[in-house]
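Below: one structure, written as structure tokens.
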Amino acid sequence: MIKKYTLLPEHEAQFPMWRDKWIANAMATGPYTTEETERCIGALRGLYAAASLEQPKCEVFAPSPITGAIAAGIASGVWWLRENPGEHHSMFEAALNETDIVTGLFAACKLADDKHRENTGNPEQVDVVLPVVLQSVGLDVDHKPKKSKQKAAVVKAVRKFLIQCTQRWGQMHNGGNHWSGYAAYLSFFRHIAKLDIDYSKWQHYEEAAKFGPRYMHAKFWIVSARPDILKIDDENRPHSATGPSHRWPDGRELYYWRGTAIPKQWIMAAGTVPPETVLTWENVEQRRCLAEIIGWGKVIAGLDPTVVEEHPDPYMGTLLRLDPMPGVDEDPVGQFLKVRCGTGRTFVLRVSPSCRTVLEAQGELAGFDAKQMAKLEFRT
């Protein structure tokens, strides 16, 4: 028989506190303390025990979720090659030994680390994927590969296989503190409502949810570091107008504008972005972000608009039209009202293509028709 349960008023009164606690958990930044590291290790070990699984041989911390994902994919491929020697000949036209596998491992990690240096724009960046992979497959971080007796083509094939394995990172992934919503919901009933339920297995998941994203495999687990930087807007969306919205210890960066991922250049070198990009960029949401970043005033000024009508009063404005560009026949090409506000600043506001005069455009923005606008003695 299912027991019916109703939250009491004193429980509901704690909603704001519990919400804020878990939002703060999701937004946590900075390195783990020694005590936090020990708690994280204990939580992960508890998860394997709760699932009646053998404890993995390798316990690893990665400097970012992206590095962790790549390393987890490569490491899982290495463990598979080790444990399935009968598959080698059909896959690589050769039987592999540990030296061949490790040689391919280093080749795959070099490719990943070179790409990392390219993405971070830092050619001097130290390897970040290789040490995580080495720990995940049970090798010392100072391990050096022996010369493989296999042909270069075989090593290349192994490298390709391991790189392909990185596409499967999602099968090992849990969002950790990035997925705080689920943990917040269930833990509320454990700690606040105090339901009479056995939480002895769940408690390990709840504790693990206080740390970064993780990748769990039968032979290893990898937990990501928290970001050094995490910036949001007033709606808790990732956002920064001056630099990366996220940055991790290995130099990985993400750039977001009001919750939408955007190219780094749009924030760090917005002045170099051609204004026509706002009209031609394929992703509509990103296009909207770029228009906000650059400002429609600068966009239009750089695109030689047609003046439809210029009102004698600059506070009423000038109606401008952007004619379609070659290959662009959709929004945001259209009409705009360029106006000066009471503070002396100039704004460019989008209006419908049907507006034929400044008064019609002003009326559309204010919710009046053109005749009513003409009767107004002043604007605020």
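The values are calculated or read from the model by the stated rules, or taken from the named source; none is laboratory data. Everything numeric in this text was worked out from a predicted model, so none of it was measured. Cβ placement follows ideal geometry from the backbone for every residue including glycine, while neighbour counts extend to all protein chains displayed.
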Out of 30, 73, which single residue is at pLDDT 95 or above and either at positive phi or touching a His at 6+ places or on another chain (Cβ under 8 Å) (or both)? 30
Filter result for residue 176 (modelled with pLDDT of 95 or more and either within 30 Å of residue 19 (Cα to Cα) or not assigned by TED's automatic domain parsing to the domain that holds residue 101 (or both)): yes
Enumerate the helices (runs of 4 or more DSSP H) found wholly within the range 1-67, keeping only those where 1 or more residues are small (Gly, Ala, Ser) and under 19 Å from residue 219 (Cβ atoms). 34-50
Which of (1) modelled with pLDDT under 95; (2) touching a Gly at 6+ places or on another chain (Cβ under 6 Å) is the odd one out, the single condition residue 5 does not satisfy? (2)
Just one of 296, 221, 257, 281 is under 18 Å from the mean Cα position of the chain (by Cα) and surrounded by 13 or more Cβ atoms within 10 Å (Cβ to Cβ); which is it? 257
State the number of residues belonging to the range 111-136 that are more than 18 Å from residue 224 (Cβ to Cβ) and in contact with a helix residue (DSSP H, G or I) (Cβ under 7 Å, 6 or more places away or on another chain). 2
Before we move on, is residue 140 on the phi < 0 side of the Ramachandran plot, loosely packed, with under 14 Cβ neighbours inside 10 Å and in contact with a Leu (Cβ under 9 Å, 6 or more places away or on another chain)? yes
Can you name every residue in the range 147-183 that is touching a helix residue (DSSP H, G or I) at 6+ places or on another chain (Cβ under 8 Å), more than 23 Å from residue 87 (Cα to Cα) and not in a helix (DSSP H, G or I)? 173, 174
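Conditions tested, residue by residue: (1) more than 16 Å from residue 209 (Cα to Cα); (2) surrounded by fewer than 17 Cβ atoms within 10 Å (Cβ to Cβ).
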| site | (1), (2) |
| --- | --- |
| 14 | yes, yes |
| 18 | no, yes |
| 22 | no, no |
| 34 | yes, yes |
| 46 | no, no |
| 63 | yes, no |
| 69 | yes, no |
| 80 | yes, yes |
| 95 | yes, yes |
Single match in 151, 146, 110, 156 (criterion: at pLDDT 95 or above and either more than 22 Å from the chain's Cα centre (by Cα) or surrounded by fewer than 16 Cβ atoms within 10 Å (Cβ to Cβ) (or both)): 110
Within the range 260-272, can you find the residues that are over 24 Å from residue 230 (Cβ atoms) and either of a type in the set (Asp, Glu) or buried (at least 18 other Cβ atoms within 10 Å of the Cβ) (or both)? none
Of the residues in the range 113-137, those that are within 12 Å of residue 75 (Cβ to Cβ) and surrounded by 23 or more Cβ atoms within 10 Å (Cβ to Cβ) number 6
Checking residue 194 against (1) closer than 25 Å to residue 10 by Cα; (2) assigned to a helix (DSSP H, G or I); (3) not acidic (Asp, Glu): exactly one of these is not met. Which one? (2)
